[in-house]
Amino acid sequence: MKTLKRDIDAAKANRDRLAGKLAECEAAIIERRAQAMQLARDGAEDGALDKAEAATRAAQDRHTTLAAALGDVESQLAALEKTFVENTDRALREQTAREVEQLTRRSVDDGDAFGKAAARWADSVAKLAPIVPEAQAIMHLLQVCTTEALPTSDRVAQLARVHRDAVLRGEARPEMPKPPEAFVPPPVAAKLPSMTVVDAAPERTSEPVLHSAFEPPVVGPARVLKIATRSLT
């Protein structure tokens with residue numbers, strides 16, 4: 001891959017060099033053609049015109065040569081880039097296939113280990129069931145795991161290897177897909193305690209002490225008059 005990348009960089013540099021020379025040659029053709037036309041307008045001798053036309057043809061021939069060389073280099077560069085893309089894709093597919101196979105083998109090994117552990121656990125729980133009725137729930141769970149989960153694990157391994165082969169054949173995406181993210185429920189906002197405000201006026205009473213306690217304060221001349229009235233009575 002490093003050698004191929006180096007060849008691509010060299011081909012790009014050569015393409016840019018030829019493109020620059022081709023642009024210079026096009027400018028030279030325009031300039032020399034204009035010089036020949038100027039000589040013809042000025043009535044120059046045939047020898048001078050022949051020389052100017054020969055220079056124009058030489059520039060045109062050089063343009064043809066450079067254009068052909070540039071096309072050849074661009075074809076080589078396209079082939080190199082195609083090879084680089086194919087090699088990169090093949091390397092990624094091989095890496096993905098290895099990862100799928102490693103995960104599949106680990107899943108099969110873990111399933112076998114789980115089946116053996118579940119069988120031992122089921123035997124222990126079955127002996128405890130007559131003593132602890134709650135052990136029957138564990139027995140049911142282990143029965144589901146051994147009768148449904150383990151056969152399904154074998155099917156998962158088979159389908160994983162089918163996907164591995166499809167990746168190598170180019171019929172599936174080359175990269176390893178990411179597992180789905182675990183669902184995290186949104187936080188529940190805490191409810192604030194409710195409070196009821198009752199706006200009620202105090203109840204009036206005929207008792208002198210209570211009545212004066214609920215009377216609004218009196219200030220100014222009215223207070224003086226009220227105090228004087230109370231002293232007379």
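Quick note: the coordinates plus some simple rules give every number you see, no bench work behind them. Note that the structure is predicted; figures quoted are calculated from it, not measured. Don't worry about glycine lacking a Cβ; one is built from the backbone with ideal geometry, like all the others, and counts go over all protein chains shown.
What the phi angles of segment 137-149 give under the Karplus curve with 6.51, -1.76 and 1.60, with θ = phi - 60°, is a coupling list of 5, 5, 4, 5, 5, 5, 5, 5, 5, 6, 8, 10, 5 Hz, glycine and proline written as x. From most to least packed by mean Cβ count within 10 Å, the peptides 63-74, 115-126 give 63-74, 115-126.
Taking GluC sites (Glu not before Pro) across segment 9-72, the ones in a DSSP loop with at most 11 further Cβ atoms lying within 10 angstrom of their Cβ are 45. To the nearest Å, what is the center-to-center distance of segment 66-129 and segment 11-53, using C-alpha atoms only? Here the two parts' Cα centres lie 59 Å apart. Counting charges near residue 91 (Lys, Arg +1; Asp, Glu -1) among other residues having Cβ under 14 Å from its Cβ returns a value of 0. Cross-link reach is defined here as a Cα-Cα straight distance under 12 Å, omitting same-chain residues fewer than 8 places apart; for residue 5 the aspartates and glutamates meeting it are 81. Global size of segment 45-161: 37.3, 126 Å for Rg and Dmax (C-alpha atoms, Rg to one decimal, Dmax whole).
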